[in-house]
């Protein structure tokens, strides 16, 4: 299974490509919704480790890794956002569902026994025949040398996604630069300032 790093980076990148329109009462705290929220939601399915620590049961890849939970979670969050911050319920619901489902998608294409994608309708585990993400073997402990391969893979994955976001920003700035009166000026691609 991918670590929280891969899930968080995926959520962040999805939010950069599909930003949520701001609600009426939420203008000054935009970074909460555009950065923290996508990272949190994309990693949220793995919070099933908390009851596992308390009760010593095995809850991981169960209920929180199902489409039923993803839909329910998205519906509740959509209601909260639309009521408190005047966001569009439909937009928050779909955005949250996409972010949460990114977690399920990454876990589906991972080494391991799979996820209970259709829980509670079936207890079967589902996984792709094509493995993209190497597995992390938690039973071997935190500092086992076998974790180097997944760590390197997820680092490369994260860098590639961040480069994709950077490239999109460069293209956007170039388009912006060509369409405004500063066409003959240079654009600093890191700060977005026109020189």
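Tabulated results
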{"read-out": "Residues of region 12-31 classified as at pLDDT 75 or above, in a helix (DSSP H, G or I) and farther than 12 Å from residue 158 by Cβ, total", "value": "4"}
{"read-out": "Failed criterion for residue 62 (all others in (1) in contact with a strand residue (DSSP E or B) (Cβ under 9 Å, 6 or more places away or on another chain); (2) at pLDDT 95 or above; (3) over 23 Å from residue 151 (Cβ atoms) hold)", "value": "(2)"}
{"read-out": "Any hit, region 32-41, residues being part of a helix (DSSP H, G or I) and either closer than 19 Å to residue 113 by Cα or over 14 Å from the mean Cα position of the chain (by Cα) (or both)", "value": "yes"}
{"read-out": "Of all residues making up region 103-158, the number that are modelled with pLDDT of 95 or more and at positive phi", "value": "0"}
{"read-out": "Count of region 65-113 residues which are assigned to a helix (DSSP H, G or I) and in contact with a strand residue (DSSP E or B) (Cβ under 7 Å, 6 or more places away or on another chain)", "value": "5"}
{"read-out": "Single match in 73, 69, 49, 108 (criterion: out of contact with any helix residue (DSSP H, G or I) (no Cβ under 8 Å at 6 or more places or on another chain), without any contact (Cβ under 8 Å) to a residue 60 or more places away in the chain and surrounded by 15 or more Cβ atoms within 10 Å (Cβ to Cβ))", "value": "108"}
{"read-out": "Residue ID - farthest from residue 2 (Cα to Cα), chosen from residues in region 167-180 that are loosely packed, with under 12 Cβ neighbours inside 10 Å and at pLDDT 80 or above", "value": "175"}
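The values are calculated or read from the model by the stated rules, or taken from the named source; none is laboratory data. The structure displayed is predicted, hence computed values, not measured ones. All Cβ positions, glycine included, derive from the backbone under ideal geometry; neighbour counts span all protein chains shown.
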